[in-house]
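**Q** Just passing along the structure, written as structure tokens.
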Amino acid sequence: MNRYFYFFLTCILVVVISVGFYVFNFFNPEKNQKNNNSEKIVKIKNLLEGKEFVWVNSELNFNKETITPIKKDAYSIKFESDFKVKISTDCNNGFGEYELKENKLKIGNITSTEKYCPDSQEGIFYNELISAENFNLDSNGNLVINFLIGDMFLKERNSFEQVKSAVINPLIGKEYSWLRTELKNNKVILPIMQGKFKLTFSEDMKFTLVTDCNTNGGMYVVNEKNLTFTEIIATRMYCEKSQEEVFIRDLQKTSSYEILPDETLILNMVDNSGRIYFR
């Protein structure tokens, strides 16, 4: 009899607990809403998490003034995991937190090192960040933060570095085709097969050269307008009547370069012994 009594009592307790849990959730919609909001926050967070953005400029609403950082690559904000941010300026480094909800953005609880830099725009940068209200992120890596009295424009660090590298080294990002070589003795060498000789430069200071016979590659050194090619290696296919050997011999004599307004690339050989033209 005791066994049936305890079994019956256990069943009653299970029913009471289940009903109580249902009633609690029914009369506490805020908890469910909070859970839904957390899911949205995580989804939005992934758009910024792990990305670092560089401050490009800011535009103020009340007088249409544009504020541009004097040191253009010195101000950045990185959105890390667990809703943490890391901030860098031309003077100090800071840490803080951020919150996301739909397109709303809030940055706060910022602590920073305390080095004094009289000409820094750090105060402007920090004030705009902590005044953040909304944000927009596009497919090109541009981040716009709408703060209390204006808009802050930032570019993703990777995108910014690519633009910066392209400005410093304009050779990157284009494939150049050999047009002709003009030697000091007025001899002109034209490619027998047009479009076969292709020269490209990469950001890691490597170059690739495709000829009428083999694929070549190596390293290059560029400093302002000075340019040299080193450590050239190639596949070893033999091609009768190929111009590859003569072309590479001249290429190795390169000492400087220039790019004309029509995007023609000219490689100048040492001792003014000749010029190689590409486009």
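FYI, it's all coordinate maths here, none of it is from the lab. Keep in mind that what you see is a predicted model, and the values were worked out from it rather than measured. Counting neighbours? That spans all protein chains shown, and the Cβs are built from the backbone with ideal geometry, glycine included.
**Q** Which ³J(HN,Hα) values, rounded to whole Hz and listed in residue order, are derived for the range 262-270 from phi using the Karplus coefficients 6.51, -1.76 and 1.60 in 6.51 cos²θ - 1.76 cosθ + 1.60 with θ = phi - 60°, glycine and proline given as x?
**A** Rounded to whole hertz, the list is 7, 6, 6, 9, 10, 9, 8, 7, 4.
**Q** Filter the cross-link list K155/K225; K155/K253; K72/K115; K64/K84 down to pairs whose alpha-carbon distance in this structure exceeds 30 Å.
**A** Numbers: K155/K225 28 Å; K155/K253 39 Å; K72/K115 20 Å; K64/K84 32 Å.
Pairs exceeding the cut-off: K155/K253; K64/K84.
**Q** Show me, bin by bin at 10 Å from 0, the whole-percent P(r) of the range 169-278 based on Cα pairs.
**A** So the P(r) values, bin by bin, are 14, 51, 32, 3.
**Q** Rounded to the nearest Å, what's the spacing between the alpha carbon centres of the range 218-242 and the range 88-104? Just the number, please.
**A** The range 218-242 and the range 88-104 have Cα centres spaced 46 Å from each other.
**Q** Please list, by residue number, every one of the chymotrypsin sites (Phe, Trp or Tyr not before Pro) in the range 90-144 that is coil in DSSP and has at most 11 other beta-carbon atoms within 10 Å. If you can, show how the numbers build up before the last one.
**A** Values: sites: F95, Y98, Y116, F125, Y126, F135; in loops: Y116.
Listed in order of number, the matching sites are Y116.
**Q** Moving on. What translational diffusion coefficient, in µm²/s and rounded to a whole number, does the Stokes-Einstein relation yield for the range 94-137 at 37 °C and a viscosity of 0.692 mPa s, taking the hydrodynamic radius as the Kirkwood radius over Cα pairs? Spell out each step's value before the answer.
**A** Numbers: Rh = 11.7 Å.
It diffuses with D of about 281 µm²/s by this estimate.
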